[in-house]
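Asker: Before I ask anything, here is the structure I am working with.
The values are calculated or read from the model by the stated rules, or taken from the named source; none is laboratory data. Nothing here was measured: the structure is a model prediction, and the numbers come from that model. Methodologically, a virtual Cβ is constructed for each residue, glycine included, from the backbone with ideal geometry; neighbour enumeration extends over all protein chains shown. Accessible surface areas use protein heavy atoms only, side chains included; no ligands, DNA or RNA. Shrake-Rupley method; radii C 1.70, N 1.55, O 1.52, S 1.80 Å.
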Amino acid sequence: MKKVFIKSYGCQMNVYDAKRMADVLRPEGYVEVETADNADLVVLNTCHIREKAAEKVYSELGRLRELKGERASRGQDTSIVVAGCVAQAEGAEITRRAPVVDLVVGPQSYHHLPGLIARSRSGEKVVETEFPADDKFDHLPAAPRAVTRARGVSAFLTVQEGCDKFCTFCVVPYTRGAEMSRPVVKILAEAEQLADAGVRELTLIGQNVNAYHGEGPDGRTWTLGLLLERLAQIPGVARLRYTTSHPRDMDASLIAAHRDLPALMPYLHLPVQSGSDRILAAMNRQHDSDEYRRIIDRVRAARPDIALSSDFIVGFPGETDADFEDTMRLVRDIGFASAYSFKYSPRPGTPAADRDDQLPEAVKSERLAVLQAELDDSRRAFNRATVGLVTDILVERQGRHPGQMAGKSPYLQAVQFEADGVAIGDTITVEITETGPNSLFGRPVGALSTPTRERMGAL
């Protein structure tokens with residue numbers, strides 16, 4: 001057996017893509033390994049959203065150059081592949097800057113990996129960054145049932161790719177292409193295979209997942225809300241989630257799904273990026289802060305116990321102290337259970353990168369620290385409010401201590417508890433007893449004594 005090591009950077013889509021690459025390579029005789037040290041093939045599945053993420057790839061390639069040399073001295077060949085969004089964005093520049101790389105392949109072409117690897121092994125420096133006419137999903141083999149089971153009881157499922165929004169800070173439309181939605185029947189087939197292998201929680205993913213508009217078996221175009229309703233009917237699927245969403249695409253059918261589908265978890269990640277209308281316009285977000293607040297009000301009316309998450313960018317070109325205070329005000333007004341926040345970093349080829357009003361790094365760092373402190377306070381307050389809550393936990397793994405199990409709450413919180421006779425994949429009712437820095441702790445109880453919706457809706 002040949003050994004392959006796949007390292008992913010960035011988003012959930014890359015996590016999904018890494019597993020599918022392994023599925024493509026398995027029939028070619030490759031088995032996954034945990035480190036690059038003894039791998040015959042090393043794949044770096046890259047992210048281009050942040051500047052540091054791209055630089056991490058080149059730093060890793062420097063280490064791999066040494067590893068490749070060491071293995072060659074022992075008569076062992078090592079092929080190095082750069083895949084993903086950095087590959088798509090930079091193409092042949094990667095092999096110029098890092099000659100150790102044998103193959104560069106974009107995220108829409110990894111289903112061709114076996115043939116591309118064969119070409120590279122003949123001595124050719126292969127760069128494949130075209131957007132192929134064929135649908136990669138039609139060529140991706142399903143993982144064997146035992147492999148899927150070993151990957152865990154939670155799984156990502158791509159339903160949509162690409163982006164038509166063209167936010168001025170973002171490279172995704174250029175690296176992932178236009179919005180494309182998979183047909184419903186193909187999503188259902190993959191979901192049923194996952195459920196049959198023991199997957200209990202499906203997270204639907206896409207660059208703009210709530211822009212989903214796939215062809216339904218009835219010939220109609222289905223929305224994400226309708227797709228979720230159908231997925232909830234698959235035997236064995238206990239939980240549904242989706243990410244990442246755009247406020248523009250939060251339609252009535254999706255909000256109704258949060259109200260009507262018990263399997264759809266009360267957690268919504270809805271990036272806003274800024275609380276300043278002036279900055280939102282400069283970002284081309286196509287919504288303002290009041291529209292975002294109204295969406296949140298509608299979602300909370302439909303599902304009062306919902307936990308909210310978001311993305312924030314600070315230090316966008318031209319952002320003033322007043323603009324930043326608008327963001328802080330929005331954070332305080334809404335109250336997020338979790339959030340991701342970043343300093344703006346210029347991405348080559350995006351409109352915002354060419355602006356002449358870039359902010360100093362010191363200003364961006366200071367604002368990020370203030371924002372993250374507020375977001376951390378909000379997260380801790382939400383976690384404290386769950387102490388005493390009786391809720392269901394999906395058991396995902398054994399804990400760090402003997403007799404301890406770990407899983408996630410409906411609100412995507414990590415929860416640890418001690419229990420006998422509990423298996424991975426079970427859903428167990430737990431009372432949250434205390435909070436820690438990164439997880440919650442609980443104790444199993446006999447039954448739900450306080451309905452989750454009622455309790456959290458009052459917080």
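Asker: Would you please name the residue that is farthest from Leu224 (Cα to Cα), looking only at residues in the stretch 261-272 that are assigned to a strand (DSSP E or B) and open to solvent by less than 10 Å² (accessible area, probe 1.4 Å)?
Answerer: Leu268
Asker: Which of (1) open to solvent by less than 20 Å² (accessible area, probe 1.4 Å); (2) in contact with an Asp or Glu (Cβ under 8 Å, 6 or more places away or on another chain); (3) modelled with pLDDT under 95 is the odd one out, the single condition Thr175 does not satisfy?
Answerer: That leaves (2) as the condition not met.
A quick yes/no check of all residues on (1) open to solvent by 10 Å² or more (accessible area, probe 1.4 Å); (2) touching a Phe, Trp or Tyr at 6+ places or on another chain (Cβ under 8 Å); (3) within 25 Å of Glu201 (Cβ to Cβ); (4) not acidic (Asp, Glu):
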{"residue": "Lys136", "(1), (2), (3), (4)": "no, yes, yes, yes"}
{"residue": "Leu140", "(1), (2), (3), (4)": "yes, no, yes, yes"}
{"residue": "Cys167", "(1), (2), (3), (4)": "yes, no, no, yes"}
{"residue": "Met180", "(1), (2), (3), (4)": "yes, no, yes, yes"}
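Asker: In the stretch 148-178, which residues are small (Gly, Ala, Ser) and either over 30 Å from Gly407 (Cβ atoms) or touching a residue at least 60 places away in the same chain (Cβ under 8 Å) (or both)?
Answerer: Once the filter is applied, which keeps residues that are small (Gly, Ala, Ser) and either over 30 Å from Gly407 (Cβ atoms) or touching a residue at least 60 places away in the same chain (Cβ under 8 Å) (or both), the stretch 148-178 yields Gly152, Ser154, Gly162, Gly177, Ala178.
Asker: Can you find a residue in the stretch 33-47 that is charged (D, E, K, R) and closer than 24 Å to Ser154 by Cα?
Answerer: Within the stretch 33-47, one or more residues are charged (D, E, K, R) and closer than 24 Å to Ser154 by Cα.
Asker: Going through Arg248, Arg278, Arg241, Arg259 one at a time, which residue ends up being closer than 22 Å to Glu179 by Cα, touching a helix residue (DSSP H, G or I) at 6+ places or on another chain (Cβ under 9 Å), among the charged types (D, E, K, R) and at pLDDT 95 or above?
Answerer: Arg248 is the lone residue from the list that is closer than 22 Å to Glu179 by Cα, touching a helix residue (DSSP H, G or I) at 6+ places or on another chain (Cβ under 9 Å), among the charged types (D, E, K, R) and at pLDDT 95 or above.
Asker: Tell me the residue from Val126, Val185 that is without any contact (Cβ under 8 Å) to a residue 40 or more places away in the chain, touching a Leu at 6+ places or on another chain (Cβ under 7 Å) and at negative phi, please.
Answerer: From the options Val126, Val185, the qualifying one is Val126.
Asker: For the stretch 389-427, what are the residues that are more than 14 Å from Tyr267 (Cβ to Cβ), in contact with a Ser or Thr (Cβ under 8 Å, 6 or more places away or on another chain) and open to solvent by 30 Å² or more (accessible area, probe 1.4 Å)?
Answerer: Glu396
Asker: Let me ask another. For the stretch 391-412, enumerate the residues that are over 21 Å from Thr243 (Cα atoms) and in contact (Cβ under 8 Å) with a residue 60 or more places away in the chain.
Answerer: Thr391, Asp392, Val395, Arg397
Asker: Something else: Considering only residues that are open to solvent by 80 Å² or more (accessible area, probe 1.4 Å) and charged (D, E, K, R), which ones fall in the stretch 142-159?
Answerer: Once the filter is applied, which keeps residues that are open to solvent by 80 Å² or more (accessible area, probe 1.4 Å) and charged (D, E, K, R), the stretch 142-159 yields Arg145, Arg149.
Asker: Give the stretch 294-316 a look and list any residue that's within 18 Å of Ser274 (Cα to Cα), open to solvent by less than 10 Å² (accessible area, probe 1.4 Å) and in a strand (DSSP E or B), or say none.
Answerer: Scanning the stretch 294-316 gives Leu308, Ser309, Ser310, Phe312, Ile313, Val314.
Asker: I'd like the residue in the stretch 118-137 that is under 22 Å from the mean Cα position of the chain (by Cα) and not in a loop (DSSP other than H, G, I, E, B) and, out of all such residues, is nearest to Ile393 (Cα to Cα).
Answerer: This residue is Phe137.
Asker: Another one. Please specify each residue of the stretch 209-260 satisfying the condition of being of a type in the set (Ser, Thr, Tyr) and open to solvent by less than 50 Å² (accessible area, probe 1.4 Å).
Answerer: Tyr212, Thr223, Tyr242, Thr243, Thr244, Ser245, Ser253
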